[in-house]
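> The structure's right below; bear with me while I get my questions together.
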Amino acid sequence: MYNYCVIGAGVIGGMVARELEKYDRSVVIVEKAGDVAMGATRANSAIVHAGFDAHEGSLKARFNVRGSVMMESVAKELGVKYQRNGSLVVGFSDEDKKTLEELLERGKKNGVRELRLLDREEILAIEPNIGDGVTCALFAPTGAIICPYELCMASVGNAMDNGAELCLNFEVSAIEKTETGYKLTAADGRTVEAKTVINCAGVYSDAVAAMAGDTSFTVIPRRGEYMLLDRECGSLISHTVFRCPSKMGKGILVSPTVDGNLLLGPTAENLEDKEDTATTAKGISLVRTQAGEQVKNINFGKVITSFAGLRSVGSTGDFIINEKDGFINCAAIESPGLSSSPAIAEYVVELIRKAGETLTPRKDFIGKRAPLHAFREMTEEQKSEVIKKDPAYAHVICRCETVSEGEIRAAIRQNPKPHDIDGIKRRTRATMGRCQGGFCTPYLVRILAEELGVPETAITKFGGNSYLNLGLTKNRK
Amino acid sequence: MEKMKKNLVIVGGGPAGMAAAVAAYDKGERDILILERDTALGGILRQCIHNGFGLHRFGEELTGPEYAYRYEAMVKERNIEFMTDTMVIGIDRERTVTAMNKEHGIFRIEAGAIVLAMGCRERPKGAFNFAGTATAGIYTAGTAQKFVNMMGMMPGKEVVILGSGDIGLIMARRMTLEGAKVKAVCELMPYSGGLARNIEQCLHDFDIPLLLSHTVVEIHGKDRLTAVTIAEVDGSRRPIPGTEQTIPCDTLLLSCGLIPENELTRGAGIEMDRVTNGAKVNADRETDVPGVFACGNVLHVHDLVDYVSEEAAIAGGAAVRFLRGETEANTLIELATDGKVRYTVPERITEIKETKVFFRVGDVFRDKKIVVRAGDEVLLSKKKQKFAPGEMETVTLPADALRKAEGKTLRFSIED
């Protein structure tokens, strides 16, 4: 029997679990996928929004503004790359300018600081590659960028380092109210019992709530398609460039990432299938067209990958965060969910207190986590020291991103441990460079099989049936 | 940090690096160091277990590992120093090489001369923006080759190949021999970029269809690939609606071009050729940075390793002449092309002597001539039955002809 069971190891689940670990209570996280950060956390815009977008008085506005203020210190503590690069919402017409003025007013009401409108000259002064048709912009210096799955892995990992347990491949199929709390049953028959359940199940948060008897809301998946460009292109712009929202929706953004790539997207398309993360020719073409209008000189020949993510769009139009009988919903967390995540985690603790629990902070909680990317950022002298202690750090496996065997083995051993090639990719950036794993994938298969103690043919790309190899050659049989 | 000094540092221990080292040694240089990132010398030849290597260089047909071994033996016979599992992380214009390995950590070498021989990589799947999910089962042909030939694993059983580059053709045969079914090779262009002999021996001999002017438009499957949709393309390489067909398969191999691996070269600010994606060089294969030479697939993609060895020997020999102060850096003649000829190597000539020029064409040309002009004067005109983008061509310009071109631009064109 745990005190808390968090359903879903995305960035919300991870931040909630870590927040709960600060108190003298037991925490378990259950996750249906084979790794953390596999839902919306894996594929989104990687932005810490300033907070001018959401309507005054909404949970989105409240947690966005608070989360945006908290994020820098949380990221620092967790060793996650964070960069306050500022954002621009660009307009192309007088009509757009009016919308931007409304956004400015809304932002002020929401408590966003330093917002101001810029004319074309002023935009050009800070962003020379802005599109030729751009006439005006709303400038939000407090906008920032972060890597969402890195934040998720760091928060889950830090929660685990402090005692939280993680059950992967645990797809909740039934929730039963017991005398002391809740009993969760997984599709494979495993069970977990906890006094309080926190539902952070992303696109499935409506289904999970329904299992506990709450059918008050639904969540639909809204697909967003993205393109990621080589690091050669990351310096084309320095700010995140949003498009002025229109009747057609928010439109796509062009942004540098904390790893130095250039990210374009997302499209917005409501779907029924909660697993459909396929990219489409139409979506990718829309991203190209719109991105090219906002920012010029984008070299589309340098696209290294395209991908799609699903946002959790709730039936209320706002985040759905509430508590009843020890069951807490953190549901319908679409944008600005990443930005809001630290504030949502803080609020979950508040809800638990309101429900009558007395929480005492632990003295032995360690909030700091050593980042995996530390080696890459060391000076040559520091690197040489590390290599002396562990020569595997001098053995480069991924040549495009210069990721060493030492870093890869450390990532496989660190909480939360990866079990597949994409898991190593998200933790170390191996395979994420120009050759997209062409050279290093076979070596990664070998290292991962060795570390996990399984045959090389058992290694998958991302769990399930995503096997990299389907058998042995005649000779090896 | 450990610091060393070497007369000649060679970056890469594949066929180019080894041939450069051997040539430099045979010209009298003894202070040579080869730096290789893989676990052994040999480069990509180690996984190319098929035959067809060495016909020009050794007059016999060898497998890739056999060809590599001959050069490795030459390196070892000469006691040329080499370090494996060693990654070069930077070079600069002062010819300082920064590298790392388990034994020395991060270390620097002050080099008298450098030969760049890092080879090339394959165009990755991200470059295609396929519609669909990022399933398992999509590999570049070379990655599949490594799995099959070096690790004894089968990346798939039912295969479609996009692109008819040589590695894709070789892998069509290799996968078939291992019991896989190769259902089709799709080529975007109306002609194959691979060697004619590979199309015969790897596709026709195994009844594998080659679909010219076809591409993959969509991939299917969630975990592992289950099918691909292919379509015919029009003259501007766009899919023609209504020609789509879906082929069930668990594997898609990509063989759509090779890209010289020039991150170190660019990092040193060396002048690049936008067509070859390699450095611009003179006939010695010297870049615009004095004492830094480039050869093999890092300079321009070759179709035969024999030519790589030949070019590397030029670079290795020239590096020794540079160390002795015997090379010329001033450009006397620039080489230019008409677009039908895509590029030449070298791009400039600094010494008037007999010079062999490598070039590639951008399309298939039948019964045409390669013409070399200096101003209005035709210096050379050679007729050929067929020029194809997949086959590297050469012309040898005699010293007399070059003397006439001094101070001018040499223009290479394909004409009737």
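> For helix B:141-151, report the angle its Cα long axis makes with the longest principal axis of the Cα atoms of chain B; keep it between 0 and 90° and round to the nearest 10°.
Helix B:141-151 sits roughly 90 degrees off the main axis of chain B.
> Next up: Of all the stretches in chain A, which is the longest one without any exposed loop site, taking GluC sites (Glu not before Pro) in a DSSP loop (any state but H, G, I, E, B) with at most 10 other Cβ atoms within 10 Å?
A:1-178
> Another question about this same structure. I'd like the distance between the alpha-carbon centres of the stretch A:436-451 and the stretch A:269-324, rounded to an integer number of Å.
If we compute the Cα centre of each part, the gap is 30 Å.
> As an exercise, take the mean of 1/r over every pair of distinct alpha carbons in the stretch A:158-256, invert it, and state the Kirkwood radius in angstroms.
Taking every pair of different Cα atoms in the stretch A:158-256, averaging 1/r and inverting gives 17.7 Å.
> In addition: Can you tell me the orientation of helix B:305-323 relative to chain B, as the angle in degrees between its alpha-carbon axis and the longest Cα principal axis, to the nearest 10?
Helix B:305-323 sits at roughly 20 degrees to that axis.
> So if we plug the beta-carbon distance of A:Asn322 and A:Lys474 into 1/(1 + (r/R0)^6) with R0 = 60 Å, what FRET efficiency do we get, rounded to 0.05?
FRET efficiency, A:Asn322 to A:Lys474: 0.50.
> Would you kindly state the longest site-free stretch of chain B, with sites defined as chymotrypsin sites (Phe, Trp or Tyr not before Pro) in a DSSP loop (not H, G, I, E, B) surrounded by at most 14 other Cβ atoms within 10 Å?
Longest site-free region, per DSSP loop and neighbour criteria: B:192-416.
> Further, regarding this structure: Across the residues of A:274-280, average count of Cβ atoms on other protein chains within 10 Å?
4
> Return the Cα extents of the stretch B:330-416 along principal axes one, two and three, sorted largest first, each rounded to a whole Å.
Per principal axis, max minus min of the Cα coordinates gives 35, 21, 19 Å.
> Just counting partner chain Cβ atoms within 10 Å, what average do the residues of peptide A:385-398 show around their Cβ?
Mean partner shielding for this stretch: 4.
> For the Cα atoms of chain B, what angle does the longest principal axis make with the long axis of helix B:64-77, in degrees from 0 to 90, nearest 10?
That helix lies at roughly 20 degrees to the long axis.
> Right, something else. Mind checking the log10 I(q)/I(0) for chain A at q = 0.05, 0.13 Å⁻¹? Debye, one equal scatterer per Cα, no solvent, two decimals.
-0.18, -1.27
> What shape does the stretch B:124-256 take by its C-alpha gyration tensor, where a ≥ b ≥ c are the square roots of the eigenvalues and a/c under 1.5 counts as rounded, a/b above b/c as prolate, and the rest as oblate?
Oblate shape, in that a/c is at least 1.5 and b/c is the bigger or equal ratio.
> So in the stretch A:1-140, what percent of DSSP beta bridges are antiparallel if you round to the nearest 5?
Bridges in the stretch A:1-140 that DSSP calls antiparallel: roughly 70 percent.
> Eigenvalues of the Cα gyration tensor times 5, then square-rooted: what semi-axes does that give for chain B, in whole angstrom, largest first?
36, 28, 18
> When the gyration tensor of the protein assembly as shown is built from Cα positions, what are the square roots of 5 times its three eigenvalues, in whole Å, from largest to smallest?
They are 52, 30, 28 Å, listed largest first.
> Per residue, what volume in Å³ does the convex hull of the Cα atoms of the stretch A:372-458 enclose?
Roughly 87 Å³ of hull volume per residue.
> On to the next question. Using DSSP to call loops (not H, G, I, E or B), can you name the trypsin sites (Lys or Arg not before Pro) in the stretch B:228-303 whose Cβ has at most 13 other Cβ atoms within 10 angstrom?
Filter output for the stretch B:228-303: B:Arg237, B:Arg274.
> Of all GluC sites (Glu not before Pro) in the stretch B:34-125, which ones are in loop regions per DSSP and have a Cβ with at most 13 other Cβ atoms within 10 Å?
Sites meeting the loop and neighbour criteria: B:Glu60, B:Glu61, B:Glu94, B:Glu103.
> Relative contact order (percent) for the stretch A:1-43, with alpha-carbon contacts under 8 angstrom and 6 or more residues of separation?
50
A short reminder: the numbers here are calculations on the coordinates, not readings from a lab. This structure is a prediction, so every number in the text was calculated from the model and none was measured. Every residue, glycine as well, gets a Cβ built from its backbone with ideal geometry; the counts of neighbours run over all protein chains shown.
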